Ligand SMILES: Nc1ncnc2c1ncn2[C@@H]1O[C@H](COP(=O)(O)OP(=O)(O)OP(=O)(O)O)[C@@H](O)[C@H]1O
Ligand SMILES: [Mg+2]
């Protein structure tokens with residue numbers, strides 16, 4: 001178990017315990033300090049294989065010019081991933097411009113924000129305005145929450161992506177810029193998952209590369225590194241060193257973090273602020289994470305899944321045994337199996353492997369699922 005009982009005491013601002021970061025994240029942090037100083041530093045805490053794999057992929061696609069689509073639940077860190085790609089790529093000397101797509105509910109304003117306008121092109125356009133695409137010339141434009149981009153701007157964006165050209169509102173002079181597009185969404189990744197208000201052709205145009213940031217509950221012990229990282233920051237800012245009790249950590253370990261890293265920041269900060277002593281007990285934060293009993297219950301099978309992922313047991317010694325001892329009910333085992341199947345594209349052979357079992361266990365495994373009616377509907 002990393003970091004437990006070995007709290008690190010930060011010296012000055014910006015000092016981040018190197019044990020919180022994998023090698024690529026350390027590089028990204030360094031690049032962000034070169035680019036933006038300490039105020040804009042990008043710290044991607046976590047050393048899980050899932051996170052490292054995403055950063056690895058980010059570094060591979062960083063030097064291409066084609067668009068990237070980032071997906072992942074809310075609060076997983078898509079914004080920092082977009083910055084990381086920018087920093088790792090050769091455009092890092094150029095600008096990084098963020099557009100929050102849902103900000104504009106009006107077609108003209110959206111088009112104007114992205115592509116600019118000529119004075120008088122619509123009511124309220126009192127002067128010429130450069131759009132974000134021009135601002136981002138030579139660099140990267142980050143289109144956040146792309147699923148909420150106004151329909152009126154989607155066709156223009158599609159054209160800009162295919163031809164590299166666009167025309168500001170009210171102008172007849174096409175412009176050409178050299179911009180790399182990174183788009184993000186927390187909706188399901190499919191042309192239809194983005195909703196009927198999103199053009200399928202634009203979706204495929206944006207998804208040249210696809211990076212998926214996994215939820216925090218699938219990132220092993222990253223949550224614990226984040227807890228310590230956040231505590232360090234709070235200690236630096238408020239001068240008092242505090243840590244979570246064993247019971248508090250137990251509770252966090254058993255939680256599924258539906259709001260991901262953003263939620264964890266809130267819980268740790270609240271626990272730090274509300275605890276009277278230097279050891280943070282569950283009372284200081286439990287109201288935040290007990291709200292929804294479902295999220296605790298789900299973790300019973302999640303922890304079995306995690307044990308298997310860490311090679312601390314196979315299906316028989318984790319899920320099967322707990323099921324036989326009635327620690328897990330049928331629905332929980334079913335949902336663990338369903339979860340596993342989504343990881344392996346529905347193949348029971350590969351599920352076997354994921355669950356730490358040798359090929360020769362196939363028949364026994366399938367018989368068990370069948371006998372106890374644990375197979376999720378296909
Ligand atoms: N691995 C990480 N290490 C440190 N901080 C992180 C990490 N991941 C996310 N954060 C922080 O958590 C917060 C939420 O992350 P972010 O805003 O990037 O989420 P998001 O995926 O863009 O969510 P949404 O879909 O809701 O916009 C931010 O303050 C971010 O800096
Ligand atoms: Mg975001």
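The values are calculated or read from the model by the stated rules, or taken from the named source; none is laboratory data. Everything quoted here is computed from the prediction, not taken from an experiment. Cβ coordinates were reconstructed from backbone atoms using ideal geometry, including for glycine residues, and neighbour counts include every protein chain displayed.
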Can you name the condition, by its number, that residue 148 falls short on among (1) more than 16 Å from ligand 2 (Cβ to nearest atom); (2) in contact (Cβ under 8 Å) with a residue 12 or more places away in the chain? (1)
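Can you tell which of 54, 76 is in a helix (DSSP H, G or I) and modelled with pLDDT of 95 or more? Spell out the reasoning first.
Working: 76 fails: in a helix (DSSP H, G or I).
The match here is 54.
Check every one of the helices (runs of 4 or more DSSP H) wholly within region 136-245 and list those with 3 or more residues that are within 16 Å of ligand 1 (Cβ to nearest atom).
Values: elements: 151-163, 200-206, 222-238.
Because the criterion is at least 3 residues that are within 16 Å of ligand 1 (Cβ to nearest atom), the helices (runs of 4 or more DSSP H) in region 136-245 that meet it are 222-238.
Okay, residues lined up against (1) over 24 Å from residue 20 (Cβ atoms); (2) touching a strand residue (DSSP E or B) at 6+ places or on another chain (Cβ under 8 Å):
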| residue | (1), (2) |
| --- | --- |
| 200 | yes, no |
| 204 | yes, no |
| 211 | no, yes |
| 230 | no, no |
| 266 | no, no |
| 284 | no, no |
| 288 | no, no |
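Okay, residues lined up against (1) more than 21 Å from residue 118 (Cα to Cα); (2) within 16 Å of ligand 2 (Cβ to nearest atom):
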| site | (1), (2) |
| --- | --- |
| 138 | yes, no |
| 170 | no, no |
| 183 | yes, yes |
| 205 | yes, no |
| 218 | yes, no |
| 234 | yes, no |
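Can residue 191 be described as at pLDDT below 90 and in contact with a helix residue (DSSP H, G or I) (Cβ under 8 Å, 6 or more places away or on another chain)?
yes
Does residue 216 qualify as being closer than 20 Å to residue 147 by Cα and either buried (at least 19 other Cβ atoms within 10 Å of the Cβ) or touching a helix residue (DSSP H, G or I) at 6+ places or on another chain (Cβ under 9 Å) (or both)?
Spelling it out, it is not the case that residue 216 is closer than 20 Å to residue 147 by Cα and either buried (at least 19 other Cβ atoms within 10 Å of the Cβ) or touching a helix residue (DSSP H, G or I) at 6+ places or on another chain (Cβ under 9 Å) (or both).
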Need pairs with beta-carbon distance below 8 Å; first residue touching a residue at least 24 places away in the same chain (Cβ under 8 Å) and within region 127-145, second part of a loop (DSSP other than H, G, I, E, B) and within 16 Å of ligand 1 (Cβ to nearest atom); sequence gap 6+ or separate chains. 143/149; 145/186
Among the residues of region 48-80, count how many are over 20 Å from residue 256 (Cβ atoms), within 16 Å of ligand 2 (Cβ to nearest atom), touching a residue at least 60 places away in the same chain (Cβ under 8 Å) and surrounded by fewer than 21 Cβ atoms within 10 Å (Cβ to Cβ). 1
Give me the residue from region 347-377 that is under 28 Å from the mean Cα position of the chain (by Cα) and in a loop (DSSP other than H, G, I, E, B) and, out of that set, surrounded by the most Cβ atoms within 10 Å (Cβ to Cβ). 355
Positions within region 31-65 being away from ligand 1 (no atom under 11 Å from the Cβ) and at positive phi, in sequence order: 37
Quick check on my filter: what residues within region 98-114 are under 21 Å from residue 86 (Cβ atoms) and either surrounded by 14 or more Cβ atoms within 10 Å (Cβ to Cβ) or without any contact (Cβ under 8 Å) to a residue 24 or more places away in the chain (or both)? 98, 99, 101, 103, 113, 114
